[in-house]
Amino acid sequence: DLISPNAYFDLVAEVVRILPNRQPSCTTILLTDYTANLQITVRPSDFDLARDYEHRLLMTTFWDNFADRAAQLQPGQVVKVL
């Protein structure tokens with residue numbers, strides 16, 4: 001319930017999926033800490049994931065020098081995002 005628009009926070013989460021790059025210098029991944037938040041509206045069915053992820057997927061985009069590092073992550077890894 002602490003995630004809200006225009007808020008900054010640290011997150012420890014599991015990498016669920018690395019999405020295909022649509023732009024250079026940009027990597028988008030799906031993260032979860034398995035906590036439900038109704039403000040999170042990423043639909044698991046859009047990514048062929050179980051309904052258990054409903055309101056639990058945070059789509060996160062990494063840019064520039066962080067994009068390369070994010071692209072090397074693997075599903076199942078736990079990351080800390082500051």
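Along segment 42-53 the Karplus relation, 6.51 cos²θ - 1.76 cosθ + 1.60 evaluated at θ = phi - 60°, assigns HN-Hα couplings of 5, 8, x, 5, 5, 10, 6, 10, 5, 4, 4, 8 Hz to successive residues, with x for each Gly and Pro.
Taken over the chain, the alpha-carbon convex hull comes to 100 cubic angstrom per residue.
Sorting the segments 6-12, 31-37, 70-76 by their mean number of nearby beta carbons within 10 angstrom, highest to lowest, gives 31-37, 70-76, 6-12.
The HN-Hα couplings worked out from phi for segment 31-40 by the Karplus form 6.51 cos²θ - 1.76 cosθ + 1.60 (θ = phi - 60°) are 10, 8, 10, 6, 8, 6, 9, 5, 6, 8 Hz, whole numbers, x standing for Gly and Pro. The length gained by stretching the chain between ASN6 and VAL81 to full extension, at 0.36 nm per residue less their Cα-Cα distance, is 25.4 nm. Heavy atoms of the protein chains alone define the surface here; on that basis the chain has 73 Å² accessible area per residue at 1.4 Å probe size. Placing a label point 7 Å from the Cα of TRP63 along the Cα-to-Cβ direction, the residues of segment 2-28 whose backbone N falls under 20 Å of that point are 4-11, 19-28.
The values are calculated or read from the model by the stated rules, or taken from the named source; none is laboratory data. Just so it is clear, the model here is predicted, and its values are computed rather than measured. We place every Cβ from the backbone using ideal geometry, glycine too, and count neighbours over all the protein chains shown. For accessibility, only protein heavy atoms count, side chains too; no ligands or nucleic acids. Shrake-Rupley method; radii C 1.70, N 1.55, O 1.52, S 1.80 Å.
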